[in-house]
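First the structure, in the form of structure tokens, and then the observations on it.
Read the figures in this text as sums done on the coordinates, not as results from a lab. Predicted model only: the values in this text are computed from it and were never measured. Here the Cβ positions follow ideal geometry from the backbone for every residue, glycine too, while neighbour counts run over all protein chains shown.
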Amino acid sequence: MFYREAGQFKSSYAADSQIFPIRQDRIGFGLIIAFAFLGVPLLAALGIVSNYTFTAILTPFLIFSLAALGLNILTGYAGQLSLGTAAFMAVGAFGAYNFMLRIDGMPILLAFILGGLCAAAVGIVFGLPSLRIRGFYLAASTLATQFFVVWFVTKVGWFTNYSTSGVISAQKIRMFGYTFNSSMSKYLFVLGVVSVLTLLAKNMVRTNIGRSWMAIRDMDMAAEVIGFRPMRTKLMAFAVSSFYCGVAGALFAYAYLGTVEPEGFNLDLSFRILFMVIIGGAGSILGSFLGSAFIVLLPIFLNIFLLFLETSLHLELPSGISSSIELMVFGGLIIFFLIVEPHGLARLWQIGKEKLRLWPFPH
Amino acid sequence: MDKVRKIGDVVLSFENISLSFGGVKALTNISFDVREHEIRAIIGPNGAGKSSMLNVINGVYHPQDGEIVFRGQHRRDMNTYESAKSGIARTFQNIALFKGMSVLDNIMTGRNLKMKSNFLLDALYWGPARREEIEHRKKAEEIIDFLEIQHIRKTPVGRLPYGLQKRVELGRALAAEPSILLLDEPMAGMNVEEKQDMCRFILDVNDQLGATIVLIEHDMGVVMDISDRVVVLDYGKKIADGTPDEVRNNQNVIDAYLGVAH
């Protein structure tokens, strides 16, 4: 009834090819952005949003969204399955750390970009097998990235500045003389970076480069015949994807954890991000965010729910059971999604919108 | 049928092309040529090597033997990128559309070689990248108009019925503004009306856009009606070449299609 595009006529192709062609979407999205940038800090100032919300929910949500977005570019848009996401994040994090450490007066954003570029370079090298193999075999070869990078960063002391435990402490985020110390300022910093990179990703996937990725994904033979070059297209997807993962890794170290060791970027993290893409929706920018929200929030809600169950039913649950239940629910949901909606939450949202357009009529 | 454009010189010719996969000889000593602005049909029973021939033309297969002369250039084989660059576009026997993308995006992919913007400008969607995107959108819309598929431009092609998918695939090929268009069984599996539509589009493309057309088709009525010259293959060998009338009365062709008493 309210979500209807009747009466919204487009008189130019520019108007028709904007990111949100429907006015309600534009307004809704504008509100969400305004809330994220202004509303949340305001609520924090009023004491409604706690520090815990920033450090345990909002900031990791945004960082994982960015990493999932990176993987989504590679797996969802370009169709190249990868299990090396955490490795690219590690390259970004340790790259940024070393640029900050070794170059005086290095601006933090530039260090992040350079860290991302290092990740992109590593991505290109480890993307080379994709020219000959695909699917599961490619996934297995990206596992090599995962193990190699973590091993290499651990083994070569230079990367961790010869710290005996292998743990690095990320430098403070300083920009224009301002230090991002509070959890809220870190959240805003991450939000800014993620917003800009998301906009760039959206633009890429709706223009020629994005179409080349999707063409290679859907029918590589035909893509080649109409003039896309498979090597360039695939390596470009690896590079852009790894860049995003690299920046996410740097944020992970600088704005979320503070101290990080190479082992922190293990295969588990890669799988978590892959699950975000599967649950959120492969081949959808929105899906990366939905998947990340789902996986960050699910354990928190499960915990609250189990606590509620315990107190209301006077159950004596053994400690640690909630994390076991969390894993079971997790696994169950992934199987459920793969069967019921392989295109993920983003697809559900799409279907919901189509229904909403017609509501209250059935068709 | 009188054509606006007259059939011109030879643009593409093949001399003794042979192609084999291991012990299987797909093509043996095939020679024929294609003239500018003509509709050239390749026919033959199943497994005669027709699709292999198209794959040789746009560089998917590389013949072991023989020579291709393309616009006066003598060469051993073609490659996919160069042939796309030099204006050869094609459709496939089994539809090879990008199923996850919309009709419009599929047609836009056909214009990729005409786009100059790089990925950084694309990412910013600013200035030249934006102008270019909209300019190509205009061209894509012209093709959508031409093929009368306006109503489905935003639909993912995976959801379309077969006949429309074939039309979209033609659209994607046309988007490249090809000088030579290779059509691999454009009418397979269509009903009479859809075939008529498709014939009309092919003739219009040939007539108005001046594209040379190389066509594989099993519907003899269609082939005899619209093509200027026909080459007939059987078991990888050429058994006849000429106008539809000549081919129709050729004893070898009749034998290949109807069989001979041994």
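Looking at A:Thr198, A:Thr142 in this structure, which one is away from chain B (no Cβ under 14 Å), touching a Leu at 6+ places or on another chain (Cβ under 9 Å), closer than 25 Å to A:Asp268 by Cα and surrounded by 14 or more Cβ atoms within 10 Å (Cβ to Cβ)? Answer to the selection: A:Thr142. Among the residues of region A:155-202, those that are among the polar types (S, T, N, Q) and within 19 Å of A:Cys245 (Cβ to Cβ) comprise A:Ser195, A:Thr198. Within region B:94-112, residues that are more than 7 Å from chain A (Cβ to nearest Cβ) and without any contact (Cβ under 8 Å) to a residue 60 or more places away in the chain have Cβ atoms under 7 Å from residues that are polar (S, T, N, Q) and in a loop (DSSP other than H, G, I, E, B) in these pairs: B:Ser102/B:Thr155, counting only partners at least 6 apart in sequence or on another chain. I'd like the residue in region B:29-50 that is out of contact with any Phe, Trp or Tyr (no Cβ under 8 Å at 6 or more places or on another chain) and of a type in the set (Val, Ile, Thr) and, out of all such residues, is farthest from B:Ala211 (Cα to Cα). Checked region B:29-50; the qualifying residue farthest from B:Ala211 (Cα to Cα) is B:Ile43. Restricted to region A:1-85, the set of helices (runs of 4 or more DSSP H) holding at least 2 residues that are of a type in the set (Lys, Arg) and on the phi < 0 side of the Ramachandran plot comprises A:23-34.
The residue list A:Gly84, A:Gly76, A:Gly92, A:Gly7 contains one member that is within 30 Å of A:Lys355 (Cα to Cα) and surrounded by 12 or more Cβ atoms within 10 Å (Cβ to Cβ), which is A:Gly76.
Meeting the requirement of 2 or more residues that are aliphatic (A, V, I, L, M), the strands (runs of 3 or more DSSP E) wholly within region B:55-133 are B:65-70, B:88-90. If you take the residues of region B:125-179 that are more than 10 Å from chain A (Cβ to nearest Cβ) and among the hydroxyl-bearing types (Ser, Thr, Tyr), which of them is farthest from A:Ile209 (Cα to Cα)? Across region B:125-179, the extreme among qualifying residues is B:Tyr162.
The residues of region A:202-244 that are buried (at least 24 other Cβ atoms within 10 Å of the Cβ), without any contact (Cβ under 8 Å) to a residue 24 or more places away in the chain and more than 7 Å from chain B (Cβ to nearest Cβ) amount to a single one, A:Ala223.
Quick grid of which residues meet (1) touching a residue at least 24 places away in the same chain (Cβ under 8 Å); (2) surrounded by fewer than 22 Cβ atoms within 10 Å (Cβ to Cβ); (3) farther than 20 Å from B:Val60 by Cα:
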| site | (1), (2), (3) |
| --- | --- |
| B:Gln165 | yes, yes, yes |
| B:Leu174 | yes, no, no |
| B:Asn206 | yes, no, yes |
| B:Ala211 | yes, no, yes |
| B:Ile226 | yes, yes, yes |
| B:Arg229 | yes, yes, yes |
| B:Val232 | yes, no, yes |
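For region A:165-192, residues that are of a type in the set (A, V, I, L, M) and in contact with a strand residue (DSSP E or B) (Cβ under 8 Å, 6 or more places away or on another chain) total 4.
Residues are listed down the side, and each one gets a yes or a no for (1) small (Gly, Ala, Ser); (2) within 14 Å of another protein chain (Cβ to nearest Cβ); (3) under 27 Å from the mean Cα position of the chain (by Cα); (4) more than 24 Å from A:Phe361 (Cβ to Cβ):
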| position | (1), (2), (3), (4) |
| --- | --- |
| A:Ala6 | yes, no, no, no |
| A:Asp16 | no, yes, no, yes |
| A:Ile19 | no, yes, yes, yes |
| A:Asp25 | no, no, yes, no |
| A:Ala36 | yes, no, yes, yes |
| A:Ala45 | yes, no, no, yes |
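Considering A:Ala44, A:Ala67, A:Ala87, A:Ala93, the condition of being touching a helix residue (DSSP H, G or I) at 6+ places or on another chain (Cβ under 9 Å) and more than 29 Å from A:Gly246 (Cβ to Cβ) is satisfied by A:Ala44 alone.
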